[in-house]
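Have a look at the structure below, then the notes.
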Amino acid sequence: MITCDELRLKDKIDTFATFGALDNGGITRLSLSPAALAARDEFCKRCRTLGMEIKTDDMANIYATLKGDENLPAIMMGSHMDSVVQGGNYDGILGVLTALEAAETIVAERIPHRHPITVVVWTNEEGARFDPAMMSSGVIAGKFDKKLMLESKDKEGTTFGEALEASGYMGDIKNRLNRKDYMALVELHVEQGPVLEAEEKDIGIVEGVVGMVNYEFTFIGQADHAGTTPMKYRKDALFAAANVIRYLHDELDKLDSNLVYTTGRMNVSPNIHTIIPDYVKFTLDARHQDSKVINQVVEIIKSVPNEVDRCSVSCKELWSRKTVAFCEEFVDFVEKNTNEYGYSSMRMYSGPGHDAQFIADIIPTTMIFVPSQNGHSHCEKEFTPLENCFKGANVLLQTILDIDKK
Ligand SMILES: [Zn+2]
């Protein structure tokens with residue numbers, strides 16, 4: 001079977017690791033920052049060398065295209081190049097670089113293809129500089145209002161719109177994503193979790209992105225003196241919150257073993273060691289592929305009484321998303337190719353969100369996961385061995401070629 005070039009892929013990974021490089025091996029490459037723009041310049045330079053035509057849309061998403069033999073909609077592959085603060089060298093960028101390597105292999109090996117093949121770079125996936133995450137894929141898929149997005153500000157007060165104008169990457173394509181122009185997207189990404197490595201699998205065949213709910217609980221008690229108020233008179237909002245967290249864990253653990261949930265943020269007020277806390281908020285994030293299980297989670301959340309330990313309790317949904325199922329035919333292609341290369345694999349759902357989940361609403365889409373060492377991601381320790389990156393690139397290449405033939 002045709003394969004990519006492992007050393008050429010290594011060169012790409014090593015080169016792009018220099019854009020925004022930090023002392024400890026990671027990167028900070030915030031969206032449209034000088035480091036991100038330098039990475040974009042290098043990407044475009046390499047694409048032009050391969051004879052690809054480069055276009056950008058009005059959200060600065062980049063589309064680098066190899067002409068096809070026939071006048072047909074293009075097949076897309078790619079991901080994002082921006083990172084979180086002190087992020088790693090694999091999240092997002094590996095999806096771009098394996099796509100670039102697959103395109104380079106098609107050119108070098110003169111592999112005929114009917115459809116144009118486009119390597120795509122999505123702008124501001126992380127949302128680390130401009131909220132929200134997956135901003136530009138969201139705009140072109142009709143999920144976010146562009147005007148609102150342009151007003152999103154970074155910490156310095158620069159708006160996304162200003163950064164976009166200054167980037168030199170704002171193009172004029174304003175047609176929103178449609179099936180006339182594009183017929184498929186395949187996004188390779190690092191797993192960002194420990195499962196593939198623990199199960200000793202080379203490739204994750206991603207069936208979809210799990211649905212989730214995010215709720216916020218608020219507890220109101222009474223702030224009193226820590227030395228004078230007897231325990232039985234207290235309205236301790238933190239104690240009430242702790243009991244509710246315990247209750248939620250006990251009940252949620254009775255549901256499906258694939259359910260994951262997190263109480264990730266807590267605010268305690270007044271947060272002074274001599275005062276009984278009177279105001280506590282915490283969030284509960286829960287994820288599962290089956291909407292029935294998510295509905296059970298919501299029932300458990302709603303079963304929390306509105307008074308606990310003499311404190312009042314309320315909760316509200318901050319946001320939610322439905323499970324996204326990827327194109328079954330493409331998922332099967334990924335599985336077939338993984339088997340034909342002799343790589344080990346497992347089917348799985350993505351816990352994190354990805355650009356592909358928005359695109360999947362408009363055009364047939366799938367994802368390929370490769371292992372993350374020790375499950376680390378969004379940190380400088382993020383690492384995927386070259387061998388795994390190479391295997392992922394091969395499966396990506398062959399999947400694109402299969403889609404081209406259909
Ligand atoms: Zn990512």
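The values are calculated or read from the model by the stated rules, or taken from the named source; none is laboratory data. Note that this is a predicted model, so its numbers are computed, not measured. In this analysis, Cβ positions are derived from the backbone assuming ideal geometry, glycine residues included, and neighbour counts consider all displayed protein chains. Note: accessible area is taken over every heavy atom of the protein model, side chains too, but ligands, DNA and RNA are not part of it. Shrake-Rupley method; radii C 1.70, N 1.55, O 1.52, S 1.80 Å.
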Quick check on the range 147-154. Is at least one of its residues closer than 26 Å to Gly26 by Cβ and touching a Leu at 6+ places or on another chain (Cβ under 7 Å)?
no
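Conditions tested, residue by residue: (1) polar (S, T, N, Q); (2) open to solvent by less than 20 Å² (accessible area, probe 1.4 Å); (3) modelled with pLDDT under 95.
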{"residue": "Asn271", "(1), (2), (3)": "yes, no, no"}
{"residue": "Val297", "(1), (2), (3)": "no, yes, no"}
{"residue": "Asn306", "(1), (2), (3)": "yes, no, no"}
{"residue": "Ser320", "(1), (2), (3)": "yes, no, yes"}
{"residue": "Glu328", "(1), (2), (3)": "no, no, no"}
Restricted to the range 86-122 and to residues being in contact with a His (Cβ under 9 Å, 6 or more places away or on another chain) and part of a loop (DSSP other than H, G, I, E, B), the residue surrounded by the fewest Cβ atoms within 10 Å (Cβ to Cβ) is Gln86
Which listed residue, of Ser377, Ser372, is hydroxyl-bearing (Ser, Thr, Tyr) and open to solvent by 10 Å² or more (accessible area, probe 1.4 Å):
Ser377
Testing Ala74 on (1) open to solvent by 20 Å² or more (accessible area, probe 1.4 Å); (2) in contact with a Ser or Thr (Cβ under 6 Å, 6 or more places away or on another chain); (3) away from the ligand (no atom under 16 Å from the Cβ), one condition comes back false. Which one is that?
(1)
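If only one of Thr49, Thr18 is of a type in the set (Val, Ile, Thr) and farther than 21 Å from Leu397 by Cβ, which one is it?
The unique qualifying residue is Thr18.
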Given (1) at pLDDT 95 or above; (2) away from the ligand (no atom under 16 Å from the Cβ), identify the lone condition not met by Met367.
(2)
Could you tell me whether Val213 is within 15 Å of Leu284 (Cα to Cα), of a type in the set (A, V, I, L, M, F, W, C), modelled with pLDDT of 95 or more and open to solvent by less than 80 Å² (accessible area, probe 1.4 Å)?
yes
Give the residue, chosen from Ala226, Ala242, Ala184, that is of a type outside the set (Lys, Arg) and touching a Cys at 6+ places or on another chain (Cβ under 8 Å).
Ala184
Among the candidates Asn339, Asn295, single out the residue that is assigned by TED's automatic domain parsing to the domain that holds Glu197, assigned to a helix (DSSP H, G or I) and either closer than 20 Å to Val210 by Cβ or of a type in the set (S, T, N, Q) (or both).
Asn339
Residue check, Leu150 within 16 Å of the ligand (Cβ to nearest atom), modelled with pLDDT of 95 or more and open to solvent by less than 60 Å² (accessible area, probe 1.4 Å)
no
The residue that is farthest from the ligand (Cβ to nearest atom), considering only those in the range 155-191 that are under 23 Å from Phe330 (Cβ atoms) and not in a strand (DSSP E or B), is Lys180
Output the residues belonging to the range 330-350 that are farther than 19 Å from Leu185 by Cβ and surrounded by 18 or more Cβ atoms within 10 Å (Cβ to Cβ).
Ser345
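Just checking, how many residues over the range 192-203 are touching a Pro at 6+ places or on another chain (Cβ under 6 Å), among the aliphatic types (A, V, I, L, M) and away from the ligand (no atom under 16 Å from the Cβ)?
So the answer is 0.
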Out of the residues in the range 192-234 that are assigned to a loop (DSSP other than H, G, I, E, B) and among the basic types (Lys, Arg), which is nearest to Ala74 (Cα to Cα)?
Lys201
